[in-house]
């Protein structure tokens, strides 16, 4: 027998990337399995976000993982905590040598994360990428490093270690007080040329997107933007950067086989940060920028901060989102009515935004905002891949759609199959009673 894939499949491609024998492939409607190749290893079952894969009658034994190899001598002599290093230290101390590797990129080692920061605080997406980077680095038995440029930022290294980094490469210089493409690119390229990382992950912030594209151009390497999934082929040491393509009709996994470092940008809230390990330490490696103000072509004259009172969807705890199934702007008012009662933020699909029912700032999905609220109401939303990738990591997803076969039900925690114009008003009344009386109400 082989694994079975149900109609709950959303063709995200996670199982295809995971299968060690290439038995899975994307079909016209969902993933398909080559029964002759399937070895029933069950690796695909654990990565399926919609639990669409099962193994009804296994006939082959699941392969046991090989026991870890422990070098007793190394374990006995390993230092309790890493020491701080400086630019005068040999490169060998900055990272472990790629022992036993004979491939053409054997001199490249490790996963790096760009540590973006603002007003003395690390931007959240950088901590999320340290979590993703930790997983990739562990698969390749490689170190995870953060690299940081700025002025008076050494205190932030402690946070990087507590969120998973083994090493922090740092360039601290007054010229780096404010972000400028010129200075940050020079510093990053110098670090890459000296320490040769295999992979670099950037948050898709304004600075991260600008820096990653400039570095990719200078190093003549590849860059995959706005990834929704990251994995690694440990045997070939290839970063598997996946993102929706062709209007969200497929998930494309992009490889950079012939150049290093392999690079990708990821938007906020797509990945999850590791739990903070207070007291965890690592190695700081300092380098110098080697630039002077008189040599620069740009100067920062003024920083104008946004003063809009608009609610940031990516920080909302409860979101009520509406789709084209609401018909028109009048129908979309249902979302505002429900949101007002439960003190939620309002979001929308691309179709609702393009119809003019709500501003683009409230669009959720691949071309909008990625959100991870505690509760996400999906009202009259069909569940296109472009939208799902922007909200699938919500803690609870409540879908309201009269189509029982709508794809949104596949990712929902709770589904209500019914007309939104009948269901939502009842929810509003029930929530009003609950808020007013402080008691549970059954709808």
Handout entry: Boolean, residue 375 is more than 29 Å from the chain's Cα centre (by Cα), within 15 Å of residue 320 (Cβ to Cβ) and either surrounded by fewer than 23 Cβ atoms within 10 Å (Cβ to Cβ) or not assigned by TED's automatic domain parsing to the domain that holds residue 319 (or both)
Key = no
Practice task
Search segment 267-326 for residues being at positive phi and surrounded by 10 or more Cβ atoms within 10 Å (Cβ to Cβ), and hand back the single one that is nearest to the chain's Cα centre (by Cα).
Solution key: 269
Exercise for the section: Scan segment 145-162 residue by residue and report those that are under 24 Å from residue 231 (Cα atoms) and buried (at least 24 other Cβ atoms within 10 Å of the Cβ). Expected result: 145, 146, 147, 148, 160
Problem - Conditions (1) at pLDDT 95 or above; (2) at negative phi; number of the one not met by residue 196 - result: (2)
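Condition check ((1) in contact with a helix residue (DSSP H, G or I) (Cβ under 8 Å, 6 or more places away or on another chain); (2) surrounded by 13 or more Cβ atoms within 10 Å (Cβ to Cβ); (3) in a loop (DSSP other than H, G, I, E, B); (4) at pLDDT below 95) across all residues:
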| residue | (1), (2), (3), (4) |
| --- | --- |
| 393 | no, yes, yes, yes |
| 406 | no, yes, yes, yes |
| 410 | no, yes, no, yes |
| 428 | yes, yes, no, yes |
| 432 | yes, yes, no, yes |
Problem - Residue within segment 248-258 that is at pLDDT below 95, closer than 20 Å to residue 384 by Cβ and out of contact with any strand residue (DSSP E or B) (no Cβ under 9 Å at 6 or more places or on another chain) present - result: yes
Handout entry: Candidate set from segment 338-369 (those that are in contact (Cβ under 8 Å) with a residue 40 or more places away in the chain and over 9 Å from residue 313 (Cβ atoms)); member that is farthest from the chain's Cα centre (by Cα)
Key = 341
Practice task
Kindly establish whether residue 321 is under 21 Å from residue 427 (Cβ atoms), in contact with a strand residue (DSSP E or B) (Cβ under 7 Å, 6 or more places away or on another chain) and in a helix (DSSP H, G or I).
Solution key: no
Exercise for the section: Return yes when residue 347 is part of a loop (DSSP other than H, G, I, E, B) and either touching a strand residue (DSSP E or B) at 6+ places or on another chain (Cβ under 6 Å) or not assigned by TED's automatic domain parsing to the domain that holds residue 246 (or both) and no when it is not. Expected result: no
Handout entry: Residue that is surrounded by the most Cβ atoms within 10 Å (Cβ to Cβ), among those in segment 184-231 that are farther than 24 Å from residue 368 by Cβ and touching a strand residue (DSSP E or B) at 6+ places or on another chain (Cβ under 6 Å)
Key = 200
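The values are calculated or read from the model by the stated rules, or taken from the named source; none is laboratory data. It should be emphasised that the depicted structure is a prediction, and the values quoted were computed from it without experimental measurement. Using ideal geometry, Cβ is built from the backbone for each residue, glycine included, and neighbour counts are taken over all protein chains shown.
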